Amino acid sequence: MVVGPAVPVAAARRIALVAQGFGQARPGRADVRQVRRVVERVGVLQVDSVNVLCRSHYLPVFSRLGEYSRERLDRMCWGGGELFEYFWGHKAALLPMASYPLARWRMRVAERQVWDAPLDPELQVPWSVVVGMRRLSVERPGLVDDVLAMVAEKGPITAGEADRDGVRRKRTDPDPDPTTGTMWNWQDAKIAIEYLFATGRVAIAGRRHFERLYDVAERVLPGAVLNAPELDDHEARREFVRIAARSLGVATAGELCGATKGHYPLPTATARRVVGELVDAGELVPVQVDGVKQQSYLWAEAEDRPVDARALLSPFDTLIWNRDRTERLFEFFYRISIYTPEAQRVHGYYVLPFLLGDRLVARVDLKADRRNSALAVPTLTLEPGATDVVEPLAAELQLMARWLGLERIQVTAGGPLGRALSSVLG
């Protein structure tokens, strides 16, 4: 039975936007303190390799702050002692260093997993690690220790540099697990080093052409963080759900910590228990969001106030991570198109939702044409009922082009909206 006071969907949408940092004016050229506050507020920056426009972890900060230094964020991420790279759920992500002690229970789960036994329901590692470690524990049981020794001796190194004996699968060898696709059928040293990363024994020291550089954790992470007291597993789970609740503002239990689509996934029984405890503590307030059949929960300190935002959103932005929640709050059906065959794409390749006020009003396909120093707009789609979009979108594109160091904006999108945008941009 759904309980609690009713919350109109428009209010839920504003609450979500304010929780995500869209409820205040941009500062102009942002400094490191403002960047830090954004990361703390959203809780996580998802990392993705696609660079057709800009690496995805840079975009959420730009969406909230406008122009800032990407180089400064890099320094905060790798070697700066402010952010660390790990799994948020199953996704590669950058997290505030304060979250490292919370993540250690995930590391212990990976460390104690026996690979010829059933998987621990708390285990969160890429499926390639699961399949690979099941095989390596039988075929090459000493490889993990050899790879760790290599990292300790040579680090920071790439996964390809970590296999001392140089044993590699040939292209003609069958894939160990065809169901994962060739992208995830890693070499043995990659499997071993990713397992060591999952256990916290190695950490990401940086990236070379976006390829991970691994080193022993002691040489990457601050000693005060590594030596901090480890939280009780259950308290760590509870704190991660608190972070999710603060970041989302109002959400269902499934959106907070559901096993498949949770902001921070937990096994169903664990998620139910943690949410119940936070309700009992008064930190989560049961509410009924209009049009949402499931029980929703309001973060007790969440705010509902007018939002006058203007932002292009990364496909991996935490505001729209959960596509079902995005559809419920914004009436905006959204799926990323980069994995869709070209003939089946509707709105373009790298499509960013455009947030204006408190609504998602358009879909903007963008590409950084670095050779010609142009921000390209090949496809542009207006949402039904949206009006007065062209001038604010032009202003946002000009801001983005300047931030990316591109000299002009090239609109090749057709239709009335494309022509109007071209006219405004001159």
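Under the classification rounded if a/c is under 1.5, otherwise prolate if a/b is larger than b/c and oblate if not, where does the stretch 73-126 fall, given a ≥ b ≥ c as square roots of the Cα gyration tensor eigenvalues? Can you show the working numbers first?
Details: a/c = 3.18, a/b = 2.53, b/c = 1.26.
Cα axes put the stretch 73-126 in the prolate bin.
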Over all viewing directions the Cα convex hull of the chain casts an average projected area in nm² of 22.1
Tell me which lysines have Cα within less than 18 Å of LYS293's Cα, excluding those fewer than 8 residues away on the same chain?
LYS261
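Once the convex hull of the C-alpha atoms of the stretch 291-353 is built, how many Å³ does it hold per residue, rounded to a whole number?
Working: hull volume 7.8 nm³, N = 63.
So the per-residue Cα hull volume is 124 Å³.
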Enumerate by residue number the GluC sites (Glu not before Pro) in the stretch 334-424 meeting two conditions: DSSP loop (anything except H, G, I, E, B), and at most 11 other Cβ atoms within 10 Å of the site's Cβ.
GLU407
Measure off, as a whole percent, the carbon and sulfur share of the 1.4 Å-probe accessible area of the stretch 312-426, all protein chains present.
48
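Run lengths n ≥ 4 of DSSP H only: what is the helix-derived mean residue ellipticity at 222 nm for the chain, with -39500 (n - 2.57) per run over all residues, to the nearest 500?
Values: 15 runs with 159 residues, N = 426.
One gets -11000 deg cm²/dmol as the mean residue ellipticity at 222 nm.
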Leaving out ligands and nucleic acids, and using a 1.4 Å probe, what accessible area per residue does the chain come to in Å²?
44
Specify whether the C-alpha gyration tensor of the stretch 1-124 places it in the rounded, prolate or oblate class, a ≥ b ≥ c being the square roots of the eigenvalues: rounded for a/c under 1.5, otherwise prolate if a/b is larger than b/c and oblate if not.
oblate
One point scatterer per Cα, no solvent, Debye formula: log10 I(q)/I(0) for the stretch 204-280 at q = 0.14, 0.19 Å⁻¹ comes out as -0.63, -0.83
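Once you have the Kirkwood Rh of the stretch 269-426 from its Cα pairs, apply Stokes-Einstein at 25 °C and 0.890 mPa s and quote D in µm²/s.
On the way: Rh = 17.8 Å.
Answer, rounded: 138 µm²/s.
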What do you get for the angle between helix 100-112 and the principal long axis of the chain? Use alpha-carbon atoms, 0 to 90 degrees, nearest ten.
40
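The values are calculated or read from the model by the stated rules, or taken from the named source; none is laboratory data. Computed from a predicted structure; not experimentally measured. Neighbour counts are summed over all protein chains in view; Cβ atoms, including those assigned to glycine, are modelled from backbone coordinates with ideal geometry. Calculation scope for accessible area: heavy atoms of the full protein, side chains included, ligands and nucleic acids excluded. Shrake-Rupley method; radii C 1.70, N 1.55, O 1.52, S 1.80 Å.
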